[in-house]
Amino acid sequence: MSPPVRRVASADKILSEADVVILGGGMAGITTAWQLAKRGTSVVVVEKGVVAGEQSSRNWGWCRQQNRDPRELPLAQLAIRIWSTLNEETGEETGFRQSGLVYASTKQSDIETWENWGKIARDFGITTHMLTDSEAAARLPGNSGRWRGGVYSPTDGRAEPELAVPALAKAAQRAGAVIVQNCAARAFETSGGKISGVVTEQGLIRCCALLIAGGAWSGMFLRHHGHKFLQASVKSTSFYTMPAAAVTEGGVAMEDVTLRRRLDGGYTVGLSGRGQLQISPWGLMQAKSFWRTFQTRRKGLTFGIGRQFLDGPESISRWRADSISPFERTRTLDPRPDAQLVERGIRRLTEIYPALAGMRPAQSWGGMVDSTPDAIPVISPVASQPGLYIASGFSGHGFGIGPAAGQLAADLIRGDKPCVDPKPYRYERMIDGTDLGKPGML
């Protein structure tokens, strides 16, 4: 069952022409559309389902700099600055509150990792505090865990995924962006080697630039046109609870469970490092590229065969621009949550926080978290195909850094000065292996 996403009005039909077409109405696509529209660039977003229908509403709602891979830190820092102004600038409630995030662990290896990260954070000017065992206990009142230590960032925060992307979509529409929902893009067209149009199920949109921001589906669309995109997905389970005792106003990450305070007085709960790797044809074909990532994360994975095998984003599909595409057959990727993980999360939280005894889940959902081999997104033009751009592969980090990712994508599309150095996010590392380092931090 999907989260209760706030609905966004949809245009009745596509435009025949725009400067830019964006494939995907999630965080990356919507924030890019907002940035482009504010700068006077005409833009159409085509979304096969509804705005924020997939992972952009199914994440934990963390807006963090803490424990990010150094390659992502410039985006994360910019994103926090943008988040802090969004409610005022959009006139909408995104749920953002700069309430701080705490990590706690019983493992010395975690403490050492956080200490090393803290040295990097100081070079970036990020405020972060290592916590001793007693300091961790003080930061987590009512928590019965026996922690070796932790780390705390007061400038990080939280937002509501069900509210934030729809809020940004409405702001984009007011700025002039056109958003068409329940309309899949099937293919792109070229003229003189450059992007010249996008074929949708409602017809052709002529354009000079196309941004692929389709989340877990981006790879399928790009492969259809002969562009390699390394992307693998893991099914996750999350849930939110009924209103419960206020044990934190921010977010807390522990070794096996996380919680984040919600505006409605409940908690969004995640199962740290837990997920199901669904066997798929494309997954098997790119297994070598993801081997190091798999070795790093295999402890928390289970395995299965689901819809991914036949008609999911990692299946092998062929279609024509004048026929129904896989994107129309699956309007919303809505995997079933793992009931055992929900029960485990409730049990663990009530063990750690006695004040939460009797807490009940209000709603649970599954999601497909797509990752690149190095867990760093691609926000980049495709050099071999003028006019084609990608903003995808956010590896579970896209919601928090989304406002900055959209600004960078808009900069690149317009040829404006990039808000951060775009090199770490270049597409060509997928092809030549340059800068495709080890998997980044979770």
(message) So for the chain, averaging the separation of alpha carbon pairs under 8 Å that are six or more residues apart and normalising by length, what relative contact order in percent results?
(response) 24 percent
(request) Give me the Kirkwood hydrodynamic radius of the stretch 5-92, using the inverse of the mean 1/r over all pairs of distinct Cα atoms, in Å to one decimal. (result) 14.9 Å
(request) Go ahead and estimate [θ] at 222 nm for the chain from helices alone: -39,500 (n - 2.57) per DSSP H run with n ≥ 4, summed, over the residue count, rounded to 500. (result) -8500 deg cm²/dmol
(request) For the stretch 312-442, calculate the relative contact order in percent as a whole number, restricting contacts to Cα pairs under 8 Å that are 6 or more residues apart. (result) 21 percent
(request) Subtract the Cα-Cα distance of ARG292 and ILE316 from 0.36 nm times their separation in residues, and report this length gain in nm to one decimal. (result) 6.3 nm
(message) In the stretch 338-364, whose amide N lies under 13 Å from the spot 7 Å out along Cα-to-Cβ of GLU255? List them in ranges.
(response) none
(request) Name the aspartates and glutamates eligible as straight-distance cross-link partners of LYS228: C-alpha to C-alpha under 16 Å, and not fewer than 8 places from it in the same chain. (result) GLU314, ASP370, ASP374, GLU428, ASP432
(message) Below 23 Å, Cα to Cα, which lysines can LYS235 reach? Residues fewer than 8 away in the same chain don't count.
(response) LYS48, LYS288, LYS299, LYS438
(request) Against the globular-protein guess of 2.2 N^0.38 Å, express the Cα radius of gyration of the chain as a ratio, rounded to two decimals. (result) 0.94
(message) Check which residues have an amide H placed less than 5 Å from PHE229's amide H, if you skip close sequence neighbours.
(response) none
(message) Run the simple label-point estimate for THR132 and ILE305 please: 7 Å along Cα→C-beta, distance reported in nm.
(response) 5.6 nm
(request) Show the residues, 5+ positions off or on another chain, whose built amide H is closer than 5 Å to the amide H of THR155. (result) none
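P(r) tail for the stretch 301-418, what percent of Cα pairs lie past 22 Å?
Details: 4119 of 6903 pairs.
Distances greater than 22 Å cover 60 percent of the Cα pairs.
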(request) Out of all DSSP beta bridges with both ends in the chain, state the antiparallel percent to the nearest 5. (result) 65 percent
(message) Could you give the length gained by full extension between LYS423 and LYS107, i.e. 0.36 nm per residue of separation minus their alpha carbon distance, to one decimal place?
(response) 110.3 nm
(request) For the stretch 89-146, state the semi-axes of the equivalent ellipsoid (square roots of 5 times the eigenvalues of the alpha-carbon gyration tensor), sorted largest first and rounded to whole angstrom. (result) 26, 19, 9
(message) Within 10 Å of each candidate Cβ there may be at most 11 other Cβ atoms; applying that plus a DSSP loop requirement, which chymotrypsin sites (Phe, Trp or Tyr not before Pro) in the stretch 230-329 survive?
(response) none
(message) For the stretch 348-407 and the stretch 210-256, what is the centre-to-centre distance using only Cα atoms, to the nearest Å?
(response) 4 Å
(request) Treating cross-link reach as a plain straight distance, find the aspartates and glutamates whose alpha-carbon is under 15 Å from the alpha-carbon of LYS170, omitting any fewer than eight places away in the same chain. (result) GLU47, GLU88, GLU89, GLU92, GLU93, GLU162
(request) Let me know the Rg and Dmax you get for the stretch 109-262 when you use only its Cα atoms, in Å. (result) 22.7, 66
(request) Considering the options SER42, TRP60, SER317, tell which one lies farthest towards the positive end of the dipole of the chain, charges being +1 on Lys and Arg and -1 on Asp and Glu at the Cβ, about the Cα centre. (result) SER317
(request) For the chain, with a Gaussian network of springs between Cα atoms less than 10 Å apart, report the residue from GLY142, GLY24, GLY61 with the top mean-square fluctuation. (result) GLY142
(message) If the only charges are +1 at each Lys and Arg Cβ and -1 at each Asp and Glu Cβ, what is the size of the charge dipole of the chain around the Cα centre, to the nearest 20 debye?
(response) 560 debye
(request) Taking 7 Å along the Cα-to-C-beta vector as the label spot, tell me the ARG206-ALA11 distance in nanometres, rounded to one decimal. (result) 1.5 nm
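Every read-out reported here was derived from the displayed coordinates using simple, explicitly stated rules and does not represent laboratory data. Predicted model, so just to flag it, every value in this text is computed and none were measured. Methodologically, a virtual Cβ is constructed for each residue, glycine included, from the backbone with ideal geometry; neighbour enumeration extends over all protein chains shown.
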